[in-house]
1. Answer yes if at least one residue in the range 104-127 is assigned to a helix (DSSP H, G or I), crowded, with 19+ Cβ neighbours inside 10 Å and touching a Pro at 6+ places or on another chain (Cβ under 9 Å), and no otherwise.
2. Among the residues in the range 185-196, are any closer than 27 Å to Ala277 by Cβ, free of Cβ contacts under 8 Å to residues at least 12 places away in the same chain and assigned to a helix (DSSP H, G or I)?
3. From Val175, Val211, Val181, which residue is hydrophobic (A, V, I, L, M, F, W, C), free of Cβ contacts under 8 Å to residues at least 12 places away in the same chain and out of contact with any strand residue (DSSP E or B) (no Cβ under 9 Å at 6 or more places or on another chain)?
4. Pick out the one residue from Thr304, Thr278 that is of a type in the set (S, T, N, Q), over 26 Å from the mean Cα position of the chain (by Cα), more than 17 Å from Phe168 (Cα to Cα) and part of a helix (DSSP H, G or I).
5. Which members of the range 167-185 meet the condition of being surrounded by 17 or more Cβ atoms within 10 Å (Cβ to Cβ), within 16 Å of Phe281 (Cα to Cα) and within 26 Å of the chain's Cα centre (by Cα)?
6. Within the range 399-411, is even one residue under 17 Å from Thr74 (Cβ atoms), surrounded by 12 or more Cβ atoms within 10 Å (Cβ to Cβ) and not basic (Lys, Arg)?
Amino acid sequence: MRPMQDTARPSLRRVLGVFDGVAVLVGITIGAGIFSVPQIVARYQSTFFEIILFWVLAGFFVFIGGLIYAELGTRLPNTGGEYVYLHRAFGPFVGFMFGWAQLFIIRTSPAAGLSLIATNYIGHFVPLDGWAHTAVALGIIVLLGVLNYVGLRQASIFQNVTTFIKVFGLLALVVAGLTQVGADTELLHTRAEPTADLGPIGNIGALMLLVLFSYIGWDRVGYLAGEMKNPSRTIPPTMIYGLGVIFLLYLSANFIYHATLGMEGVRASKIVASEVATILFGPIGAGFVALLVIISCIGSINGTTMAAPRVYYAMSRDGLFFRWLDYVHPQFRTPSRAVLAQTVWASVILLVRQNFQDIVAGMTFAILIFYVMTTLALFKLRKQGLGEEACYRVPLYPYLPAVYLIGLVALIAVRGIFEWQNSLMDIAFIATGLPFALAWLRRRH
């Protein structure tokens, strides 16, 4: 039982509305993916039309996930997101394993990786080598940690501004591309045989994981439910509007990339957005895209730093994590120690690995595993009537969630078969939390 004085302890402020929620969703999701994934995806298929079909399918897939999370977030409108849903549906063990993976791989790895991408593009303006490159990347993580430490409102304003800039910057690129391309779509019809060699099914599985990586971020809105003015009225429109914006931007960007460079050109490029901008805007185009990528990465890191610490805070409140994290700063009214944990571990990953590909390897695979568990949680919560009854409800239940669940299992199976060694390593990393889970659960009982 908690001491009586806990009732008088500082609480998190409910300050976020729909616009703030959309800004967080869009801001986290549009990071480096749409600037770095399309040229890799082009290796797995032959034509633009095959590729765009998978972006559409992934968008539809993610939209179903957004509807599921909208119901879960309004059914259990508490700070912590998926941790809360899994803990309520399956108990503390599953909740702990999710939170463990969040802190030690899923949410801190992208912060470290995106800080490196941002620093790479800062190098377009200021030469950065060796320790200077690492110091700037580390500085980005620390400064955003400080911003979130001192107040959610300040971090939210920063998130709104960076989201506005990245959305309209990407729109400018798309509009300029449409103006330049006009009716000339000849390059869209070019064909090039796949260079990846995983076979038809393996190529599709690898491609979909890459595309889904670009969409990852929408799921973190529920982490902030405890700080939303009215979660039941904020979360559903946040999911719908935010995912709609991302879907249109991603399809448009892919259209411009392929209409400007063609299939071979996109595949051969290492910085596809920058090359397209250079063609469309001239020499200033490279600087424009470099600035856009920097802002996109920083905004995504900030959004993650806003959302992820709420999981660690919620776990600690339930006695399933370090008690030290169960703390709300009396002046700033933020889960300041949880923010500090996120910042420190992201910095450790950066210093130890210092490579974007290594940092994000397996992240999407690990997330998909917990997406499966979260979807199963929806079925269980519905069946048992747990949570708020006056919540948003997924349309066409149980068919839409079943389609989503089958798709997740298929992707996990394909990756597990065709890249079984990497998959085992990812699962082993998550499994490192098992002894800690048993220790905390024993102490709790």
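The values are calculated or read from the model by the stated rules, or taken from the named source; none is laboratory data. Predicted model only: the values in this text are computed from it and were never measured. With ideal geometry, Cβ positions are generated from the backbone for all residues, glycine too; neighbour counts draw on all protein chains shown.
1. Looking through the range 104-127, none of the residues is assigned to a helix (DSSP H, G or I), crowded, with 19+ Cβ neighbours inside 10 Å and touching a Pro at 6+ places or on another chain (Cβ under 9 Å).
2. So far as the range 185-196 goes, yes, one or more of its residues are closer than 27 Å to Ala277 by Cβ, free of Cβ contacts under 8 Å to residues at least 12 places away in the same chain and assigned to a helix (DSSP H, G or I).
3. On inspection, the qualifying residue turns out to be Val175.
4. The unique qualifying residue is Thr278.
5. Gly169, Leu170, Leu173, Val174 - these are the residues of the range 167-185 that are surrounded by 17 or more Cβ atoms within 10 Å (Cβ to Cβ), within 16 Å of Phe281 (Cα to Cα) and within 26 Å of the chain's Cα centre (by Cα).
6. yes
Yes/no matrix, rows are residues, columns are (1) buried (at least 21 other Cβ atoms within 10 Å of the Cβ); (2) at pLDDT 90 or above; (3) not in a helix (DSSP H, G or I):
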{"site": "Leu291", "(1), (2), (3)": "no, yes, no"}
{"site": "Ile294", "(1), (2), (3)": "yes, yes, no"}
{"site": "Gly299", "(1), (2), (3)": "yes, yes, no"}
{"site": "Val311", "(1), (2), (3)": "yes, no, no"}
{"site": "Ala314", "(1), (2), (3)": "yes, no, no"}
{"site": "Ala341", "(1), (2), (3)": "yes, yes, no"}
{"site": "Ala346", "(1), (2), (3)": "yes, yes, no"}
{"site": "Thr374", "(1), (2), (3)": "yes, yes, no"}
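Okay, residues lined up against (1) buried (at least 23 other Cβ atoms within 10 Å of the Cβ); (2) more than 15 Å from the chain's Cα centre (by Cα); (3) in a helix (DSSP H, G or I):
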residue: Leu25; (1), (2), (3): yes, no, yes
residue: Ile40; (1), (2), (3): no, yes, yes
residue: Leu53; (1), (2), (3): no, yes, yes
residue: Gly65; (1), (2), (3): yes, no, yes
residue: Ile68; (1), (2), (3): yes, yes, yes
residue: Thr74; (1), (2), (3): yes, yes, yes
residue: His87; (1), (2), (3): yes, yes, yes
residue: Val94; (1), (2), (3): no, yes, yes
